[in-house]
Ligand code: TYD
Ligand code: MG
């Protein structure tokens with residue numbers, strides 16, 4: 001290789017950079033993840049600035065023009081909500097998710113809606129031909145006909161055409177297929193992805209073009225090497241869901257123009273994604289409240305409480321180690337809760353296979369849902385259903401003690417709205433008017449109450 005440009009080696013998993021190639025990354029310890037990257041010629045990185053340092057004089061904050069508050073609404077309610085009330089002109093939004101989850105569908109719907117609102121939009125398709133994009137467009141309820149499509153993977157081509165068309169919104173599907181000739185690496189490697197994202201960011205800021213970027217999530221949950229893109233863009237949205245469920249959750253994990261952690265809930269239908277206005281009712285719609293091993297809890301998804309059903313099945317294990325299968329929650333958390341039930345409430349799960357499932361493709365991340373998992377397990381163990389109008393709220397400690405949860409009143413209010421009449425929760429939980437809270441201090445108390 002020519003000696004004019006220096007190379008560094010960057011880990012595709014953690015983004016760590018080192019000056020020499022090695023089989024193993026010094027940053028995260030992963031094997032065979034170091035990728036060569038040219039430095040010096042890339043414009044997006046600090047180093048030798050091309051402009052003189054004095055080109056932009058500093059200004060007093062008071063003299064800086066206020067941020068434009070105008071946002072573009074797509075009218076796709078949950079999408080606008082997650083962004084904080086609409087798209088901010090000039091912003092760079094990354095939409096990440098596993099293949100097949102619906103990223104292209106979502107952004108094509110947005111493009112169609114923006115175009116219908118008089119905002120010229122260009123859809124750069126790097127993964128599919130224009131015909132394939134049209135096939136998807138034909139399924140949608142929105143009329144995507146007026147949207148311009150460009151089957152192009154070279155970044156310069158995409159930016160050139162966006163400028164030529166005068167598009168105010170650019171959809172790049174996906175960042176992994178986009179590449180620049182300025183780097184030698186193949187499309188999709190960390191160097192290309194970072195460089196293309198950095199240049200798209202500059203383009204967005206300089207021209208005020210909204211850029212919506214699709215990013216594939218790797219098997220380990222990061223977008224093209226975890227964190228390498230997240231700090232470059234303004235907003236990161238993750239599109240999640242179980243393939244078996246029609247529900248999709250759009251989660252803001254970073255948002256420079258709104259609150260992070262907000263979620264939007266969609267349903268994938270035959271005619272594209274539809275916002276779900278009442279997620280709690282949707283997630284509980286298939287519930288058979290008479291069946292054993294079912295318990296309902298209220299999660300806090302962003303600022304909104306959402307009710308979900310947790311199902312558990314404990315069955316006599318066959319030969320060998322009993323199985324523990326958890327869908328929608330961490331299997332280690334399940335192991336902890338089973339151990340607590342075994343030791344603190346005397347329930348013999350050690351020779352039972354245990355299966356736990358969260359309906360609607362939702363993932364439990366908050367410990368507030370512990371008590372509902374425990375209730376579902378007890379219910380299955382005793383083969384007695386829990387009363388249908390009962391909500392469970394509480395974190396379970398290793399001693400078997402039940403701790404209060406945050407924002408309990410909001411969660412109880414949502415349950416009351418859906419017709420729930422009682423809740424099992426920590427004694428310190430404040431009661432919302434329409435719902436009676438039965439205080440439970442310990443998992444052994446809960447097991448006793450549910451067996452009675
Ligand atoms: P897609 O947007 O291609 O996913 P991604 O870009 O994240 O890879 O959508 C994938 C799935 O959505 C595909 O299996 C087909 C399904 N789908 C519907 O169910 N209804 C629809 O209206 C559309 C357009 C797609
Ligand atoms: Mg796609």
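Computed from the coordinates by the stated procedures, all read-outs in this text should not be read as laboratory data. On a predicted model such as this, the values are computed, not experimentally measured, just so you know. Ideal geometry is used to build each Cβ from the backbone, glycine not excepted, and the neighbour counts take in all protein chains shown.
Brief remarks follow.
- Three-way shape label, segment 286-364, alpha-carbon gyration tensor, a/c 1.5: prolate
- As computed over segment 333-416, the Cα convex hull volume per residue (Å³): 106 Å³
- When the convex hull of its Cα atoms is projected in every direction, mean area for segment 384-430 (nm²): 3.8 nm²
- Cα gyration tensor shape of segment 140-183, rounded if a/c is under 1.5, else prolate or oblate by comparing a/b with b/c: oblate
- Helix 408-417 and the long axis of the chain differ in direction by around 80°, with both axes built from C-alpha atoms.
- Span from the segment 161-218 Cα centroid across to the segment 103-126 one, whole angstrom: 16 Å
- Given their separation in residues at 0.36 nm each and the Cα-Cα distance between them, residue 401 and residue 430 gain 8.7 nm when the chain is fully extended.
- One compactness figure for segment 308-354 is 1.13, namely its Cα radius of gyration divided by 2.2 N^0.38 Å.
- Ranked by the mean number of other Cβ atoms within 10 Å per residue, highest first, peptides 406-412, 79-85 order as 79-85, 406-412.
- Ellipticity at 222 nm from helices only: DSSP H runs of n ≥ 4 in the chain, each -39500 (n - 2.57), divided by the residue count, give -7500 deg cm²/dmol.
- Between helix 370-382 and the chain there is an angle of about 40 degrees, using the helix long axis and the longest principal axis of the Cα atoms.
- Normalised alpha carbon radius of gyration of segment 114-272 [divisor 2.2 N^0.38 Å]: 1.05
- Once you reduce segment 279-358 and segment 403-452 to the center of their Cα atoms, the two points are 18 Å from each other.
- Across segment 222-321 the C-alpha pair distances fall into 5 Å bins from zero in the proportions 2, 10, 16, 18, 16, 14, 10, 7, 5, 2, 1, 0 percent.
- Cα centroid separation, segment 20-39 to segment 232-276: 33 Å.
- Degrees separating the helix 155-165 axis from the principal Cα axis of the chain, which is the longest one: 80 degrees
- Cα extents of segment 120-169 along the three principal axes, largest first (Å): 31, 21, 11
- Cα gyration tensor shape for segment 87-167, rounded if a/c is under 1.5, else prolate or oblate: rounded
- Taking 0.36 nm per residue of separation and subtracting the Cα-Cα distance, full extension of the segment from residue 256 to residue 383 would add 40.8 nm.
- Peptides 388-398, 177-187 ranked from most to least packed give 388-398, 177-187, packing being the mean of other C-beta atoms within 10 angstrom over each peptide's residues.
- Expressed in Å, the radius of gyration and Dmax of the Cα atoms of the chain are 25.5, 79.
- Calculated from the alpha-carbon coordinates, segment 57-99 shows an Rg and a Dmax of 14.8, 46 Å respectively.
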